[in-house]
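The values are calculated or read from the model by the stated rules, or taken from the named source; none is laboratory data. Because the structure is a prediction, the values reported are computed rather than measured. Reconstructed Cβ throughout: ideal geometry from the backbone, glycine too, with neighbour counts over all protein chains shown.
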């Protein structure tokens, strides 16, 4: 994460009243702890040694910031529009190929920290641990319109897609199923 994105995240959390500094720790330090836990797959004990605070405090701030970030969901993940984006309509390069498309759907593998008993299902072909993540992105503004994580690596794409559909991933109302 770039420093500018980090400061914008902290400012957004404070500005929307989702999180505030405490007497002992600033919002920046709390968010930094949270991101360090997520980004480096470390245990609370590692953060305890780095930030000089108890594991209970780390646990508390982690879950508090997680809830605050989840409240930002509607702002950063928007429902898709059913109309063809202007960028596609106005481009002779894109229009013939993407005429009735409104978003792109793809899955990828993301590194994950998995409990010891479940690691076999999440081990990738290179021996590392990762999870299968399915995401849909709108063409017009490249915003995420759907994200589904936590699938094991060995899961077939059709199984992940079927799970996404049962959880609420929908084709637009006017979708004809021709593609």
**Complete:** Matching residues in region 131-168 (over 12 Å from the mean Cα position of the chain (by Cα), surrounded by fewer than 14 Cβ atoms within 10 Å (Cβ to Cβ) and under 19 Å from residue 113 (Cβ atoms)) number 1
**Asked** What tally of residues in region 19-47 results from selecting those that are more than 19 Å from the chain's Cα centre (by Cα) and surrounded by 14 or more Cβ atoms within 10 Å (Cβ to Cβ)?
**Response** 9
**Leading residue by the ranking (farthest from residue 70 (Cα to Cα)) among those in region 10-57 that are outside any loop (DSSP other than H, G, I, E, B) and in contact (Cβ under 8 Å) with a residue 40 or more places away in the chain** = 12
**Message:** Can you find a residue that is in contact with a strand residue (DSSP E or B) (Cβ under 9 Å, 6 or more places away or on another chain), surrounded by fewer than 14 Cβ atoms within 10 Å (Cβ to Cβ), under 24 Å from residue 129 (Cβ atoms) and modelled with pLDDT of 70 or more anywhere in region 68-78?
**Reply:** no
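Could you tell me whether region 90-100 includes any residue that is part of a loop (DSSP other than H, G, I, E, B), in the same structural domain as residue 146 (by TED's automatic domain parsing), modelled with pLDDT of 80 or more and over 22 Å from residue 163 (Cα atoms)? Spell out how you get there, then give the answer.
Taking region 90-100 as the starting set, the residues that turn out to be part of a loop (DSSP other than H, G, I, E, B) are 90-100.
Subsequent filtering for residues that are in the same structural domain as residue 146 (by TED's automatic domain parsing) retains 90-100.
Now restrict to residues that are modelled with pLDDT of 80 or more: none.
No, region 90-100 contains no residue that is part of a loop (DSSP other than H, G, I, E, B), in the same structural domain as residue 146 (by TED's automatic domain parsing), modelled with pLDDT of 80 or more and over 22 Å from residue 163 (Cα atoms).
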